[in-house]
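**Q** The structure follows.
Read-outs: derived from the displayed coordinates by stated rules, not from any lab. It should be emphasised that the depicted structure is a prediction, and the values quoted were computed from it without experimental measurement. Backbone-built Cβ (ideal geometry, glycine too); neighbour counts: all protein chains shown.
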Amino acid sequence: MNIIKYLQSQGIGSRKVCQALLAGNRVQINGEMPPDEIADTATPQRLTLDGENMPTLPLPHFYILLNKPANFETSHKPVHYPSVFSLLPKTWQNLDIQAVGRLDADTTGVLLLTNDGKLNHFLTTPKNHIVKTYVATLKHPADETLCRQLTDGVLLHDDNETVAALSAQLRTPSELLLKIDSGKYHQVRRMIAACSNRVVHLQRTAFGKLTADDLPQGAWRIIQKEEVI
């Protein structure tokens, strides 16, 4: 990859800006003046600008695991709350990074961000049955009747379709562990509403193999594709 395109891929700036930085000898790669070409590599380069270390992404594809906090929108054009992408380094915020699926603004937990469109499609295509695990805090205490309803299948009236959870287990009368392998709009909340209860807080604790147990809310880390599938 041409060095200018590489700098652009890291969100450093426009072609004109990157040309000016290079002409001013303000950029170093791995502690040295940058070469004309940079090889695509899964290992991020060490990039410094004016002596300051800049965050870098692996190429050609990158995968970012985020522990989403509440009151952030999964959108590049948020309306009511800040974007989840604002939690990333500033230089990355205008890059073509997409969320794999969406979490509601008030839902917390595992969210994968990537520029790998093929993997994004695979993970969100219903026929691939990627398992998502949620912990729902309920408004009303429940018993095993709720779990049976969810695993037997409930009718989502807006879709006129019955959907079933893979499993449902009460941790306490007000806390439900739920696994699903589909991803309809507000699905968990709507399934529980169909059982005459209500979700007051929802956390996605796993997406496929991914968990965010090692990340505080709002934190992120770069992961390898092998960690995803």
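**Q** Tell me, what ³J(HN,Hα) does each residue in region 23-39 have, in order and in whole Hz, if you take phi through Karplus 6.51 cos²θ - 1.76 cosθ + 1.60 with θ = phi - 60° and put x for Gly and Pro?
**A** My calculation for region 23-39 gives 5, x, 6, 9, 10, 10, 10, 6, x, 10, 4, x, x, 5, 10, 10, 6 Hz in order.
**Q** For region 151-227, which chymotrypsin sites (Phe, Trp or Tyr not before Pro) pass both filters: DSSP loop (anything but H, G, I, E, B) and at most 15 other C-beta atoms within 10 Å? Mind showing how you got there, number by number?
**A** Working: sites: Tyr185, Phe207, Trp220; in loops: Tyr185.
Here the chymotrypsin sites (Phe, Trp or Tyr not before Pro) that fit, given the DSSP loop and packing criteria, are Tyr185.
**Q** In nanometres, what is the gap between the two model label sites at Leu95 and Val131, each 7 Å from Cα along Cα-to-Cβ?
**A** 3.2 nm
**Q** Spin-label point model (7 Å from Cα, Cβ direction): what's the His201 to Phe122 distance in nm?
**A** Between His201 and Phe122, the label points sit 3.5 nm apart.
**Q** May I pose another question? Counting each DSSP H run of 4 or more residues in the chain as -39500 (n - 2.57), what helix-only mean residue ellipticity at 222 nm follows after dividing by all residues, to the nearest 500 deg cm²/dmol?
**A** -4500 deg cm²/dmol
**Q** Additional query: Here are some values of percent of Cα pairs over 23 Å apart: (i) 45; (ii) 55; (iii) 51. Which one was computed from this structure?
**A** (ii)
**Q** 7 Å from Cα along Cα→Cβ at both Leu166 and Lys225: what's the point-to-point distance in nm?
**A** It is 2.3 nm.
**Q** Additional query: From the phi of every residue in region 64-78, what ³J(HN,Hα) in whole Hz does the Karplus formula 6.51 cos²θ - 1.76 cosθ + 1.60 yield, where θ is phi - 60° and glycine or proline is x?
**A** Karplus values, whole Hz, x for Gly and Pro: 10, 8, 10, 9, 5, x, 6, 6, 9, 9, 7, 7, 7, 10, x.
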